[in-house]
2 protein chains.
Amino acid sequence: MTQTPLTTTVQVGQLPPGTREHLTSPVTQAALRIQNNIAAGSREYLGTHGFMEMMPPLIGPVTDPGCRGAKQVDVDYYGHKYKVMTSVILYKQASLLAFDKIFYLAPNVRLEPMETATTGRHLVEFHQLDVEVADASREEILDLAQGLLRHIVTYVLRESKADLALLGRDPDAIAALLREPFERMTHQAAVTRLQDLRHVQSADAEIDWEGERLISEQTDRPFFIVDYPKGSRGFTDGESATEPGVLRNFDLIASDGFGELASGGERTYEYRRLIERMRETGENPAKYAWYLDLAKEGLRPSAGFGLGVERVTRYLAGLGAVWQANAYPKLPGIASP
Amino acid sequence: MTQTPLTTTVQVGQLPPGTREHLTSPVTQAALRIQNNIAAGSREYLGTHGFMEMMPPLIGPVTDPGCRGAKQVDVDYYGHKYKVMTSVILYKQASLLAFDKIFYLAPNVRLEPMETATTGRHLVEFHQLDVEVADASREEILDLAQGLLRHIVTYVLRESKADLALLGRDPDAIAALLREPFERMTHQAAVTRLQDLRHVQSADAEIDWEGERLISEQTDRPFFIVDYPKGSRGFTDGESATEPGVLRNFDLIASDGFGELASGGERTYEYRRLIERMRETGENPAKYAWYLDLAKEGLRPSAGFGLGVERVTRYLAGLGAVWQANAYPKLPGIASP
């Protein structure tokens, strides 16, 4: 006897219901149980690969400068202007002074523009699995991200069978990513592919969400876009030593139109380069005193990535909107718990 | 060949060193490794007891009202005045609409008074294991808190042997708590005991830290103080139906002078009682609209507790100050990452 699966699609622009309706929805509950297994699978994989989990900071004098379009949240900290974390990137780099391989499962807040409230893809408050490895190259980090995501999928396919069935998610749709390595294409190749699809995409800029969706729809497993041009990202993304203007970074894009899951790459870590890149990206070095003080005496070279927990949950559970993967979804401009 | 243990004592009023020195200190590193095992042991225990882990919120329209002496951090959320979480208590109660047993491992910020910067016991930013069970009585929650702490200790004694040795922490000092159940004394009995020790303690008030330390020094394992008087706590602590003025709550106090580890109890959950208790404690019900809306249609009766992660780490690792158990310690009034 097969049960009729729950409806996981949402209308274009559909907003979450009230708190009671959202929390008592079997879709929300199944999504959160799957999310719990995503976190458990991540911890299992990273734990067996020698990673230390760190407790996330919540506020600090500065935070991730690389969140274009989104505003940071200011707080008054005993008369000092502090920020709520948009990501723990600066703390990840510093933490490698204590341990070689670390991760955070951290809550972040980004005040996204109001017009993104109805995209089904934006949350103001979200959670990120933030991983960093000292002395790692981008290629090693691509392998790690692929290995981690595959382990998560294996874990969820094993432990969340009933919930996937409840949500009508075909296990084969995600099992596909266990079969072959994820494709790695350069930003330039992605731009060419998009132009072939008659999508307007500049060769010097970030690939927009619509473009990501277009490429993403043509594949049955996630893939990496590497080598973004310098102007498209913040100062923490490391620039190639041999190809000036090319960043040693990547995005991990889900298949079937689900879009970006993770971003990362090698980091800028040398004091002199950090100052240069801050100036190039319009950041004031004086704001980053604690971080630059560490860099002056030496930060470690590293690479890493941040994986969006709600986005991965949406992808694996096959949900229509990312807010279905958060117990208390906060959408841009909308006052809610 | 035995290694000389590291020094874990700190001077009275000693502040943390700079970020590099703190992160490269073998004491910090050992403390954080032990903390990692405390988190892993907690997840193992709660996972096998049917708990769902939830991803913590970071900001919201209101937060825990029960943090006397400490100020909340305001943020501007698209023109609405929001708060950074001082604890996730309100979200814990709401989350029981989705699951019967839940926990959060959540970062919190409380702007403690400046004069507490040198106590060695206060952190502005800290982490809390926040547990809640629907339809549970205080007595069931005392058993759960005891079972959890004992499991954490068993886990740490097994997995952190080398680090305990490195820090010169005698395993027997914490193994003592595995032998007998934790004593349960009423607030009234604690007051009498303190008065016998010639400590000035009012029968109607919170037991001050010095008092906690005094009682705590006379035992070799943690103990519970239950039944605090109503005036001493916020509106979320449930009042006894049979003994008006007595709260169905508890504190868990560590042995050997380490002081409070956890606080909890049964919750106020009925709409009418919440309004009454808000008024009694000087809180404006209008601020709590989303939470009271849920209560009006019905919150579930529950009990739970919050366990301070840095405090438990300090206790098990035998550290002189709580800031030794945090990678980026923020002390009251002091600007630091």
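The values are calculated or read from the model by the stated rules, or taken from the named source; none is laboratory data. Remember, it's a predicted structure, so these values are computed and weren't measured experimentally. Cβ atoms come from the backbone with ideal geometry, glycine included; neighbour counts cover every protein chain shown. To get the accessible areas, we keep the full protein, side chains included, count just its heavy atoms, and leave off ligands, DNA and RNA. Shrake-Rupley method; radii C 1.70, N 1.55, O 1.52, S 1.80 Å.
Among the listed residues A:A321, A:A327, A:A286, identify the single one that is open to solvent by less than 10 Å² (accessible area, probe 1.4 Å), of a type in the set (G, A, S) and at pLDDT 95 or above. Walk me through how you get there before you give the answer.
On the way: A:A327 fails: open to solvent by less than 10 Å² (accessible area, probe 1.4 Å); A:A286 fails: open to solvent by less than 10 Å² (accessible area, probe 1.4 Å).
Among A:A321, A:A327, A:A286, only A:A321 is open to solvent by less than 10 Å² (accessible area, probe 1.4 Å), of a type in the set (G, A, S) and at pLDDT 95 or above.
One line per residue, one yes/no per condition, for (1) buried (at least 17 other Cβ atoms within 10 Å of the Cβ); (2) over 21 Å from B:V322 (Cβ atoms); (3) more than 7 Å from chain A (Cβ to nearest Cβ):
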{"position": "B:L23", "(1), (2), (3)": "yes, no, no"}
{"position": "B:A40", "(1), (2), (3)": "yes, no, yes"}
{"position": "B:G79", "(1), (2), (3)": "no, yes, yes"}
{"position": "B:I102", "(1), (2), (3)": "yes, yes, yes"}
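Using beta carbons and a limit of 8 Å, which pairs, at least six apart or on different chains, have the first residue in the stretch A:40-63 and under 15 Å from A:V133 (Cα atoms) and the second one among the β-branched types (V, I, T) and open to solvent by less than 40 Å² (accessible area, probe 1.4 Å)? Qualifying pairs under 8 Å: A:Y45/A:I152; A:L46/A:V131; A:F51/A:I102; A:F51/A:V131; A:M52/A:I102; A:E53/A:I102; A:M54/A:I102. Hey, any hits in the stretch B:297-304 for a residue that's farther than 18 Å from B:L123 by Cα, of a type in the set (G, A, S), at pLDDT 95 or above and open to solvent by 10 Å² or more (accessible area, probe 1.4 Å)? The answer is yes; a qualifying residue exists. Sort out which residues of the stretch B:1-18 are open to solvent by less than 30 Å² (accessible area, probe 1.4 Å) and of a type in the set (S, T, N, Q), and write them in order of number. The answer is B:T8, and nothing else.
Residue under question is B:A98, and the condition is that it be assigned to a loop (DSSP other than H, G, I, E, B) and either open to solvent by less than 10 Å² (accessible area, probe 1.4 Å) or without any contact (Cβ under 8 Å) to a residue 60 or more places away in the chain (or both); does it hold? In short, yes. Scanning the stretch B:185-233 for residues being in contact (Cβ under 8 Å) with a residue 60 or more places away in the chain and more than 22 Å from B:T119 (Cβ to Cβ) gives a total of 2.
In a strand (DSSP E or B) and either at pLDDT 95 or above or open to solvent by 60 Å² or more (accessible area, probe 1.4 Å) (or both), is that true of B:D130? First the steps, then the outcome.
Working: in a strand (DSSP E or B): yes; either at pLDDT 95 or above or open to solvent by 60 Å² or more (accessible area, probe 1.4 Å) (or both): yes.
Here the answer is yes, as B:D130 does meet what is asked.
When A:R33 is tested against (1) open to solvent by 30 Å² or more (accessible area, probe 1.4 Å); (2) in a helix (DSSP H, G or I); (3) more than 8 Å from every other protein chain (Cβ to nearest Cβ), only condition (3) is not met. In the set (1) out of contact with any strand residue (DSSP E or B) (no Cβ under 6 Å at 6 or more places or on another chain); (2) at positive phi, A:V27 fails one condition alone, (2).
Output the residues belonging to the stretch B:44-57 that are surrounded by fewer than 18 Cβ atoms within 10 Å (Cβ to Cβ) and either facing another protein chain (nearest Cβ under 8 Å) or on the phi < 0 side of the Ramachandran plot (or both). Steps first, answer last, please.
Here is the first cut: in the stretch B:44-57, the residues surrounded by fewer than 18 Cβ atoms within 10 Å (Cβ to Cβ) are B:44, B:47-50.
Answer for the stretch B:44-57, where residues must be surrounded by fewer than 18 Cβ atoms within 10 Å (Cβ to Cβ) and either facing another protein chain (nearest Cβ under 8 Å) or on the phi < 0 side of the Ramachandran plot (or both): B:E44, B:G47, B:T48, B:H49.
For the stretch B:152-181, the set of residues classified as part of a loop (DSSP other than H, G, I, E, B) and either of a type in the set (D, E, K, R) or free of Cβ contacts under 8 Å to residues at least 40 places away in the same chain (or both) consists of B:R169, B:D170, B:R179, B:E180, B:P181, listed by residue number. For the stretch A:182-191, a residue qualifies if it is in a helix (DSSP H, G or I), open to solvent by less than 100 Å² (accessible area, probe 1.4 Å) and touching a strand residue (DSSP E or B) at 6+ places or on another chain (Cβ under 9 Å), and the qualifying residues are A:H187, A:A189, A:A190. Given the condition within 9 Å of chain A (Cβ to nearest Cβ) and either assigned to a loop (DSSP other than H, G, I, E, B) or among the β-branched types (V, I, T) (or both), answer yes or no: does some residue in the stretch B:63-70 qualify? No, the conditions are met nowhere in the stretch B:63-70. Flag set for A:T28, criterion: open to solvent by less than 30 Å² (accessible area, probe 1.4 Å), among the β-branched types (V, I, T), assigned to a helix (DSSP H, G or I) and within 11 Å of chain B (Cβ to nearest Cβ).
Quick check on my filter: what residues within the stretch A:225-245 are crowded, with 21+ Cβ neighbours inside 10 Å and among the hydrophobic types (A, V, I, L, M, F, W, C)? Once the filter is applied, which keeps residues that are crowded, with 21+ Cβ neighbours inside 10 Å and among the hydrophobic types (A, V, I, L, M, F, W, C), the stretch A:225-245 yields A:I225, A:V226, A:F235.
The residues in the stretch B:110-120 that are at pLDDT 95 or above and under 13 Å from B:E310 (Cβ atoms) can be counted, and the count is 1. Within the stretch A:58-77, the residues that satisfy the criterion of being surrounded by 19 or more Cβ atoms within 10 Å (Cβ to Cβ) and over 27 Å from A:E206 (Cβ atoms) are A:L58, A:I59, A:V75, A:Y77. Inspect the stretch A:136-151 for any residue being open to solvent by 10 Å² or more (accessible area, probe 1.4 Å), away from chain B (no Cβ under 11 Å) and either in contact with a Ser or Thr (Cβ under 6 Å, 6 or more places away or on another chain) or in a loop (DSSP other than H, G, I, E, B) (or both) and give the result as yes or no. Yes.
For the stretch A:192-214, the set of residues classified as assigned to a helix (DSSP H, G or I), within 21 Å of the chain's Cα centre (by Cα) and buried (at least 16 other Cβ atoms within 10 Å of the Cβ) consists of A:G211, A:E212, A:R213, A:L214, listed by residue number.
Mind listing whichever residues of the stretch B:246-277 are open to solvent by 10 Å² or more (accessible area, probe 1.4 Å), at pLDDT 95 or above and out of contact with any Gly (no Cβ under 7 Å at 6 or more places or on another chain)? Passing the criteria: B:V246, B:Y269, B:E270, B:Y271, B:R272, B:R273, B:I275, B:E276.
Could you say whether any residue in the stretch B:218-227 is modelled with pLDDT of 95 or more, closer than 18 Å to B:G69 by Cβ and aromatic (F, W, Y)? No, the stretch B:218-227 has no match at all.
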